[in-house]
Amino acid sequence: MSKALGITPEAPEEQRVLKTIAPAWHTAGVVLLLAVLVILSVRLRGASLLGHPPRRLLGYTIAMGVEWLIVGFIWLGTRFGGVSLRTLTGGMSTRARAMLRDLGLAVAFLVAANTILAILARAAHAAPNQAVRNLLPRGGAESAVFLLLALTAGVCEEVIFRGYLQQQFAAWTRSAAAGIIAQGLGFGVSHWYQGPKFIFLISVYGCLFGCLARWRRSLRPGMMAHFLQDGVEGLLLARYALK
């Protein structure tokens, strides 16, 4: 796994974060595309018009399309940087034992992270607002597409934030901690439509995901946790919070 990440086991901690993923202009392009996604999210998810089923499905579809577009652009950027996508994702063994281990880590992470977030949410008096409710699916068809959206977010957002931006910011600042914090803040801002309280909570969540990715040298536990969080929580909220 260390070889796939471009490091050696003997490398000091500060040397593990020096390799950039792509040129600076490419990162600027990624940030610009994320800004487009934020604007679309505000207009399509936060607007009251999203309460219409066709609008909601349109919002799901556009969000998935833009996120995969960003991942595709990142893949092109890695060509310029002379690295592979495996450098972003880390080790992903297909052995059953490794996959079950990562799933167990994902569940344990969710329990710990959501405990922290619940405490912070209670202190900040944060509760699901109308923008969040507008995003939730109604009916079987919307729920199915919503799960595809959750899967897309689990894969794409981990690649974008924990795979690409975290390593890029860490290389520029020569600090793994700075990379984790920077991408976490970006992750929070990308959920602008949910309002300032949730931007703060999601930023903390993003930093926790960043710590998980840094610790495991793999995005797979985070991808699993991300999908379970968005998919399961979204369906539960749709069932109970909309009544």
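Taken together, the values in this text are just the output of simple stated rules run on the coordinates, not laboratory data. As the structure is a computational prediction, the values presented were derived from the model and not from experiment. Reconstructed Cβ throughout: ideal geometry from the backbone, glycine too, with neighbour counts over all protein chains shown.
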Quiz item: In what order do 226, 125, 191 fall by count of nearby beta-carbon atoms within 10 Å, going from fewest to most?
Solution: 125, 191, 226
Self-check item: Pairwise label distance in nanometres, residue 115 with residue 36, each label 7 Å out on the Cα-Cβ vector
Solution: 4.2
Quiz item: Points 7 angstrom from Cα along the Cβ direction at residue 86 and residue 197: gap in nanometres?
Solution: 4.6
Self-check item: Angle in degrees between helix 196-216 and the longest Cα principal axis of the chain, rounded to the nearest 10
Solution: 40
Quiz item: Counting pairs of Cα atoms in segment 153-228, how many percent are more than 14 Å apart?
Solution: 55
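Using a simple charge model, +1 on the beta-carbon of Lys and Arg, -1 on the beta-carbon of Asp and Glu, nothing else, what dipole does the chain show about its Cα centre, in debye to the nearest 20? Before the final figure, lay out each step's value.
Details: 24 positive and 10 negative charges, 55 e Å.
Its charge dipole is roughly 260 debye.
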Self-check item: Spacing of the two label points (7 Å from each Cα toward its C-beta) at residue 144 and residue 235, in nm
Solution: 1.3
Quiz prompt | Gaussian network model of the chain, springs between alpha carbon atoms under 10 Å - residue of 99, 64, 223 with greatest fluctuation | solution = 99
Practice problem: Would you look at the GNM of the chain, springs on alpha carbons closer than 10 Å, and say which of 41, 175, 203 moves the most? | Solution: 175
Quiz item: Pick from 150, 170, 123: which residue has the top mean-square fluctuation in a GNM of the chain where Cα pairs under 10 Å get a spring?
Solution: 123
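With a ≥ b ≥ c the root eigenvalues of the C-alpha gyration tensor of segment 192-243, is it rounded (a/c under 1.5), prolate (a/b larger than b/c) or oblate? Working shown, then result.
On the way: a/c = 3.95, a/b = 1.48, b/c = 2.66.
Cα axes put segment 192-243 in the oblate bin.
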